[in-house]
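Notes for the one structure printed next.
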Amino acid sequence: MGTGLVLAGLLVLSPAPAQTAALAPAADVVLPREPGPAPAMRAALRDLPRGVTTTLLVRDLGTGAVLAAQSPDLPLIPASTTKLVTGAVTLVSRQGARGWWSTELTVPAVQEGQPRVNALTLRGSGDPTLSVSDGANSLRALATQAYARGVRRVGEVRLDPGRVDAASFAATEYGLPMPALRLREWKSRPPGSVTEARRRLGAALIAELRRAGVQVDQDALGVAVPRRPYLSPGRPGTQTQAQAPVPAARRPESGVASVRSGPVTPFLNSTLRPSDNARAESLLAALAAAPGGQDAGSGGTLAGALNRERAALRRLGVDLGGVVLADGSGLSRDARLTSRALVDLLKVMYDLPYTASPTTDSPAQVYANRRNLFAEALPQAGVGGDKEGRGGTLAARLVGSGLDVRAKTGTLPGVSALAGYVTADSGRTLAFAVLMNGPESTPLLELRAVQDRLVRALAAVY
């Protein structure tokens with residue numbers, strides 16, 4: 001046994017003499033240091049306006065190696081690169097491309113099958129694509145189904161707000177409530193309050209019911225009965241309890257009509273490519289409306305939805321050091337992301353791709369064949385057209401570069417960001433993130449020009 005010496009609170013053991021000869025010299029422990037930007041990248045960054053703080057990280061998605069880093073763990077305002085989080089967590093929560101939202105009409109169970117019911121209740125899951133009359137996912141389709149099921153007269157219409165505290169979402173910079181039941185047609189003129197949303201939705205549903213031939217006795221909306229399980233008297237878990245009949249007044253409501261959205265990906269495309277703030281906030285509200293789960297229990301509030309996002313990122317292995325989530329769109333200046341967190345997220349969405357149909361292809365093949373739905377939802381650089389098209393907010397950037405760049409932009413006064421994927425000249429697929437924060441008077445076009453030169457440089461170097 002060796003002897004010990006205490007130095008500055010540390011016990012240092014010395015080997016016994018007999019052991020000394022047998023021990024090899026101890027090697028120095030060297031912590032790996034991530035490489036800084038290549039000279040060509042540093043040259044691009046020299047053109048930054050004064051007072052701008054920049055962080056960046058570049059990772060090779062084939063090997064996982066970090067190729068370039070500059071303060072990647074420094075939290076900065078991310079602007080609309082926040083939508084990468086919103087979009088990724090939406091795909092995860094909806095279980096990929098085949099996920100959907102649903103909406104239904106219910107009646108009291110004791111009145112199922114009867115032509116006259118006391119109440120007809122609209123219940124939803126936060127579907128941001130529900131329409132008044134357009135297609136199968138609409139109030140018109142619900143009303144038609146209810147009539148086909150024999151409903152001819154309704155005492156009152158009720159709206160179930162579900163789990164969502166719609167008013168809590170008005171605290172975001174977007175500033176409008178996000179009810180669990182909302183209509184696609186509201187995009188151009190969204191309701192300014194929960195009361196207005198309830199009134200407009202109720203009027204639209206009543207009009208569609210009457211159009212379908214269902215008489216509605218009153219225009220005033222009723223209060224929905226919350227859904228809750230019935231537990232009969234007696235000792236919990238006993239056979240007597242399991243077989244006890246449910247009193248008529250406590251039976252759950254029965255569905256008479258149901259519609260569901262199409263796949264989530266078209267809505268995701270129309271959110272990320274043009275960087276649509278309203279759609280991004282509605283996706284966040286849909287997370288609040290989602291039932292149960294291991295990260296539930298937050299009451300359907302804005303804070304609860306953000307907690308769900310954070311829990312999902314943690315499960316995906318994203319480094320959350322310094323990360324602050326504040327909304328779904330990135331309008332908030334209170335939000336903070338790091339380049340490392342963004343690249344972590346980009347990497348996992350590349351490594352575990354969501355596709356429109358099952359595949360045995362490798363992640364690299366899925367990406368190269370444009371089947372990675374998350375990557376394809378991002379703006380494509382240099383393709384021209386307006387921002388509603390495939391190019392989105394990158395349509396007019398990197399034109400003529402010949403580069404395949406699929407990335408999300410972010411812009412606020414004094415803030416510019418770019419995070420996504422680029423295929424380097426070597427053929428390697430890289431994930432990158434660059435965040436720039438400066439005074440609000442900073443010329444944003446200059447920041448974008450630096451980012452474009454930076455992307456060209458890293459594509460040439462790696």
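The values are calculated or read from the model by the stated rules, or taken from the named source; none is laboratory data. Computed from a prediction, not measured in an experiment: that's the story for all the values here. Cβ placement follows ideal geometry from the backbone for every residue including glycine, while neighbour counts extend to all protein chains displayed. To get the accessible areas, we keep the full protein, side chains included, count just its heavy atoms, and leave off ligands, DNA and RNA. Shrake-Rupley method; radii C 1.70, N 1.55, O 1.52, S 1.80 Å.
What to note about this one:
- Among beta bridges that DSSP assigns inside region 86-173, antiparallel share in %, nearest 5: 35
- Taken as Cα centroids, region 108-173 and region 60-87 sit 41 Å apart, rounded to the nearest whole angstrom.
- Remark: the chain carries 46 Å² of accessible area per residue (probe radius 1.4 Å; ligands, DNA and RNA excluded).
- Compared with the dominant principal axis of the Cα atoms in the chain, helix 339-351 is inclined by about 70°.
- Placing a label point 7 Å from the Cα of SER71 along the Cα-to-Cβ direction, the residues of region 35-52 whose backbone N falls under 16 Å from that point are 36-37, 42, 45-52.
- Note on region 20-144: Rg/Rh from C-alpha atoms, Kirkwood Rh, equals 1.33.
- Folded to 0 to 90 degrees: helix 302-315 orientation relative to the chain principal axis, Cα: 50
- Cα long-axis angle, helix 82-93 against the chain (0 to 90 degrees, to the nearest 10): 60
- Amide hydrogen proximity for SER254: with H placed 1.01 Å from N in the peptide plane, the residues at 5 or more positions away or on another chain lying under 5 Å are VAL107, ALA109.
- Modelled spin labels at THR53 and VAL324, positioned 7 Å past Cα toward Cβ, are 1.1 nm from each other.
- Considering only alpha-carbon pairs that sit under 8 angstrom and 6 or more positions apart, the relative contact order computed for region 51-135 is 17 percent.
- Sorted from longest to shortest, the spans of the Cα atoms of region 259-394 along the three principal axes equal 40, 40, 35 Å.
- Between THR423 and ARG149, the modelled labels are 4.9 nm apart [label points 7 Å from Cα along Cα→Cβ].
- The largest accessible area among THR393, THR63, THR360, THR172 belongs to the first residue in THR360, THR63, THR393, THR172, and the rest follow in falling order (1.4 Å probe, all chains).
- Along principal axes, Cα extents of the chain, largest first, whole Å: 92, 66, 45
- Here the alpha carbons of region 332-398 define both size measures, Rg and Dmax, at 14.2, 42 Å.
- Averaging 1/r across all pairs of distinct Cα atoms in region 396-462 and inverting the result yields a Kirkwood radius of 12.3 Å.
- Percent of alpha-carbon pairs separated by more than 17 Å within region 346-462: 57
- Here the 3J(HN,Hα) profile of region 421-427, calculated from phi with Karplus coefficients 6.51, -1.76 and 1.60 at θ = phi - 60°, is 10, 9, 8, 6, 4, 6, x Hz, Gly and Pro shown as x.
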